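Student: One structure, as structure tokens, below. Some questions next.
The values are calculated or read from the model by the stated rules, or taken from the named source; none is laboratory data. From a predicted model like this one, the values you see are computed outputs, not experimental measurements. So basically every Cβ, Gly included, is an ideal-geometry build from the backbone, and we count neighbours across all protein chains shown. Keep in mind that these areas ignore ligands, DNA and RNA; they rest on the heavy atoms of the full protein, side chains included. Shrake-Rupley method; radii C 1.70, N 1.55, O 1.52, S 1.80 Å.
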Amino acid sequence: MQSNVRLTLAIQKKGRLNNDSLELLKKCGLKLLSSKSSLFYSAENFPIDILLVRDDDIPTLIRDGVCDLGIVGENVIQEQVSDENEYESLKLLGFGRCRLSIALPKDTSFNDINQLQNARIATSYPNLLQRFLSLNNIKASLVSISGSVEISPKLGIADAICDLVSTGKTLEENNLQEVAVILQSQAALIKAKAALSTEKQAILEIFLRRITGVMQAQESKYILFHAPKNAIARIEQLLPGNETPTIMPLAGNDEKVAIHVVSREAVFWGTLEKLREAGATAILVLPVEKMMY
Ligand code: PRT
Ligand code: ZN
């Protein structure tokens, strides 16, 4: 890969997705050099440049060909994109998780969604909300606000709100109850549907393989222990995931073997206790740093 071709990736400059996006890039091995203007980073050891922008601008930057890729919440894509054929979601990244929900003041008793007929609903997501209301044959009037949507019922400008929720703390603080979830969202790596040049596609494939490796490694654990030979069959059934274990002889011990296995899921104390009951000893669970298949 000796050409000057580089991919451009847009990420959020400031806000909830910025830190996790940068962390992911660092775990992919990218050494990022900040530009003087601090509007972009250049990876010194990988052919990719990172543009720092507002998250709402990312779909447009990709559609207009200013950037090849972007990391943005599915909520932003779904709100802005009317034509599903414009973008391709390459990978869901597991951070920035939230949901877009409708909420009502707690003192309004809620029976079903038809209660929203003729209601005034405040939101920064008019397109997603309108799609949901139309699907449910509800006619309501939308009050578009760009921030602090949750205080609008208190101000008397709306009867309900439609906003992003993660922990639910903001709803609680504003005496609101969540009554319907419109969309589940997380950050995604997206690109325009149009094909990249062959050289860019080759860089993208390496980049994607690294992201997949980082995400798999985050969830994976390497488990090692000793076990009596006659307990192997039982122990194999107790191992988390479906990985085939490596079984090795132990020097100077004919009755026991060493068993190593990569678990692609969390390893709970309960599993370790069952392994121990089945005869496993010297059990170690180690984090996996990198993975490539
Ligand atoms: O400046 P820029 O336009 O780039 O940033 P922004 O202010 O538009 O976005 P930002 O940084 O707030 O959020 C960026 C993205 O993070 C969103 O588009 C979502 O994909 C994702 N995300 C995840 C969230 C939340 N969780 C979230 N909880 N975005 C916003 N919130 C807000 C929500 O609007 C509400 O005000 O947090 C409050 C609720 O949080 P809880 O934890 O109290 O429920
Ligand atoms: Zn934004």
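Student: Can you find even one residue in segment 19-40 that is within 16 Å of ligand 2 (Cβ to nearest atom), open to solvent by less than 10 Å² (accessible area, probe 1.4 Å) and among the hydroxyl-bearing types (Ser, Thr, Tyr)?
Tutor: yes
Student: Restricting attention to segment 152-176, report how many residues are within 16 Å of ligand 2 (Cβ to nearest atom) and surrounded by fewer than 17 Cβ atoms within 10 Å (Cβ to Cβ).
Tutor: Matching residues across segment 152-176 total 1.
Student: Mind checking which pairs have a first residue in segment 117-146 that is in a helix (DSSP H, G or I) and a second that is more than 16 Å from ligand 1 (Cβ to nearest atom), Cβ under 8 Å, 6 or more apart or different chains?
Tutor: Short answer, once both residue conditions are applied: Pro126/Leu142; Asn127/Ser82; Leu129/Leu142; Gln130/Leu142; Leu133/Leu116; Leu133/Lys139; Leu133/Ala140.
Student: Within segment 122-130, can one find any residue that is more than 27 Å from the chain's Cα centre (by Cα) and outside the structural domain of Ser21 (by TED's automatic domain parsing)?
Tutor: There is no residue in segment 122-130 that is more than 27 Å from the chain's Cα centre (by Cα) and outside the structural domain of Ser21 (by TED's automatic domain parsing).
Student: Can you tell me which residues in segment 228-245 are under 32 Å from the mean Cα position of the chain (by Cα) and either open to solvent by 40 Å² or more (accessible area, probe 1.4 Å) or in contact (Cβ under 8 Å) with a residue 40 or more places away in the chain (or both)?
Tutor: Once the filter is applied, which keeps residues that are under 32 Å from the mean Cα position of the chain (by Cα) and either open to solvent by 40 Å² or more (accessible area, probe 1.4 Å) or in contact (Cβ under 8 Å) with a residue 40 or more places away in the chain (or both), segment 228-245 yields Glu236, Gln237, Leu238, Asn242, Glu243, Thr244.
Student: Right, next: Looking at segment 3-18, which of the residues that are away from ligand 1 (no atom under 16 Å from the Cβ) and of a type outside the set (Val, Ile, Thr) is least open to solvent (accessible area, probe 1.4 Å)?
Tutor: Residue satisfying both the conditions and the ranking: Leu7.
Student: Return the residue satisfying two criteria in turn: it lies in segment 177-226 and is among the polar types (S, T, N, Q) and open to solvent by less than 70 Å² (accessible area, probe 1.4 Å), and of such residues it is farthest from Thr281 (Cα to Cα).
Tutor: Ranking the candidates gives Ser197 first.
Student: Tell me whether segment 136-143 contains one or more residues that are at pLDDT 95 or above, among the hydrophobic types (A, V, I, L, M, F, W, C), loosely packed, with under 14 Cβ neighbours inside 10 Å and more than 24 Å from Lys13 (Cβ to Cβ).
Tutor: No, that holds for no residue.
Student: Sticking with this structure for a sec: Report, by residue number, each residue of segment 75-126 that is more than 15 Å from ligand 1 (Cβ to nearest atom) and small (Gly, Ala, Ser).
Tutor: The answer is Ser82, Ser109, Ala119.
Student: Within segment 56-74, can you find the residues that are away from ligand 1 (no atom under 16 Å from the Cβ) and buried (at least 19 other Cβ atoms within 10 Å of the Cβ)?
Tutor: Asp68, Leu69 - these are the residues of segment 56-74 that are away from ligand 1 (no atom under 16 Å from the Cβ) and buried (at least 19 other Cβ atoms within 10 Å of the Cβ).
Student: Return yes or no: is Pro105 in contact (Cβ under 8 Å) with a residue 12 or more places away in the chain, surrounded by fewer than 19 Cβ atoms within 10 Å (Cβ to Cβ), farther than 30 Å from Phe207 by Cβ and touching a Lys or Arg at 6+ places or on another chain (Cβ under 9 Å)?
Tutor: yes
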